[in-house]
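Encoded as structure tokens, the structure appears first; notes follow it.
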Amino acid sequence: MTTENNPRAILDWEHPTPPTDLIFDDGEPLESNRHRIAMNVLIWSLQQAWADRNDFFTGGNMFIYYSSAQVRNQDFRGPDFFVVLNVDGTNSRQGWVVWEENGRYPDVIVELMSPSTAKIDKTVKKDLYEQTFHTSDYFVYDPFDPTSLQEWHLDHNQQYQSLTPNERAWLWCQKLGLWLGTNEGTIERETAVWLRFYDVAGNLVLLPDEAAVAQAQAAVAQAEIAVAQAQAAVAEAETAAIREEAAAAQVARLAARLRELGENPDML
């Protein structure tokens, strides 16, 4: 007898218990050292930009578990970079387990492509992030190809639409309120064109080390300004003293001349 014809069976049925024997490390490293750095650049810069906030979680190369079937099939999905908004960012997590996070999926995902992963990133993963995750903003970028940046944004029909870059070849991330663009530089001794965040005004979102250097430079500049102001004040005081001495000398000369002429110098 099926459950459709057996009301008691329907009442006795319970949702399968979510699996607990989850794997959080498949032993596979990132594609290259540059991919690892590129992932950390995104994580660290966003954490730096939002250092005063605890209402988000950002991670990378971490498994996202979203169904029991996925666990059974060992269909591991670990975006290279993702952000989930409006969650407790202070919780320690080995991975992102959707049924332990009130059904929350990533709001933003970035996949760092390589020639071997580009097709999957633009098809299989793109479909998953669109149709199952409903991730608002999805980006792909190959750290070895500065022209490869692409973005899809979820429209009101819950379908991905490809966005057009601005004149700087940057793409707008609506969920984060930041631009994603490229920036050439040396990070961890590797020179490359890195994927970086920019704020609304177009300023580069700094990494913690870059922010520390900028703060130190600002402190030095502020100290130099203070020294220059102090030197200017001393110079002004010295000039005033010289003028006062000159004026006093002039008065003394005039007094002496008056005495020579038999006049009262007190009349000055």
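The values are calculated or read from the model by the stated rules, or taken from the named source; none is laboratory data. From a predicted model like this one, the values you see are computed outputs, not experimental measurements. Virtual Cβ from ideal backbone geometry, glycine too; neighbours counted across all protein chains shown.
Can you find even one residue in region 96-105 that is at negative phi, modelled with pLDDT of 95 or more, surrounded by 17 or more Cβ atoms within 10 Å (Cβ to Cβ) and outside any loop (DSSP other than H, G, I, E, B)?
no
For VAL87, state whether it is out of contact with any strand residue (DSSP E or B) (no Cβ under 7 Å at 6 or more places or on another chain) and aliphatic (A, V, I, L, M). Break it down stepwise before answering.
Details: out of contact with any strand residue (DSSP E or B) (no Cβ under 7 Å at 6 or more places or on another chain): no; aliphatic (A, V, I, L, M): yes.
Here the answer is no, as VAL87 does not meet what is asked.
Which condition number in (1) within 22 Å of LEU46 (Cβ to Cβ); (2) modelled with pLDDT under 85 is the one that LEU207 fails?
Against the list (1) within 22 Å of LEU46 (Cβ to Cβ); (2) modelled with pLDDT under 85, LEU207 comes up short only on (2).
Would you mind telling me which numbered condition in (1) under 17 Å from the mean Cα position of the chain (by Cα); (2) farther than 30 Å from SER116 by Cβ; (3) surrounded by 10 or more Cβ atoms within 10 Å (Cβ to Cβ); (4) without any contact (Cβ under 8 Å) to a residue 60 or more places away in the chain TRP170 fails?
Only one criterion in (1) under 17 Å from the mean Cα position of the chain (by Cα); (2) farther than 30 Å from SER116 by Cβ; (3) surrounded by 10 or more Cβ atoms within 10 Å (Cβ to Cβ); (4) without any contact (Cβ under 8 Å) to a residue 60 or more places away in the chain is unmet by TRP170, namely (2).
Give the residues of region 25-63 that are touching a strand residue (DSSP E or B) at 6+ places or on another chain (Cβ under 9 Å) and modelled with pLDDT under 90, sorted by residue number.
Selection gives LEU30, GLU31, ASN61, MET62, PHE63.
Go through (1) of a type in the set (A, V, I, L, M); (2) within 26 Å of TRP44 (Cβ to Cβ); (3) modelled with pLDDT under 95 and name the single condition ALA69 misses.
Unmet condition: (2).
Which of the numbered conditions does ALA201 fail, given that it passes all the others? Conditions: (1) exposed (fewer than 10 other Cβ atoms within 10 Å of the Cβ); (2) over 29 Å from LEU42 (Cβ atoms).
(2)
Enumerate the pairs (first residue in region 103-117 and under 18 Å from ILE37 (Cα atoms) and in contact (Cβ under 8 Å) with a residue 12 or more places away in the chain; second residue anywhere and among the β-branched types (Val, Ile, Thr) and part of a strand (DSSP E or B)) with beta-carbon separation below 6 Å, excluding pairs fewer than 6 apart on the same chain, so at least 6 apart or on different chains.
Pairs found: GLU111/VAL140; MET113/VAL140.
Could you please find all residues in region 100-116 being hydroxyl-bearing (Ser, Thr, Tyr) and in contact with a helix residue (DSSP H, G or I) (Cβ under 9 Å, 6 or more places away or on another chain)? Steps first, please.
Let us first name the residues in region 100-116 that are hydroxyl-bearing (Ser, Thr, Tyr), namely 105, 114, 116.
Across region 100-116, the qualifying residues are TYR105, SER114.
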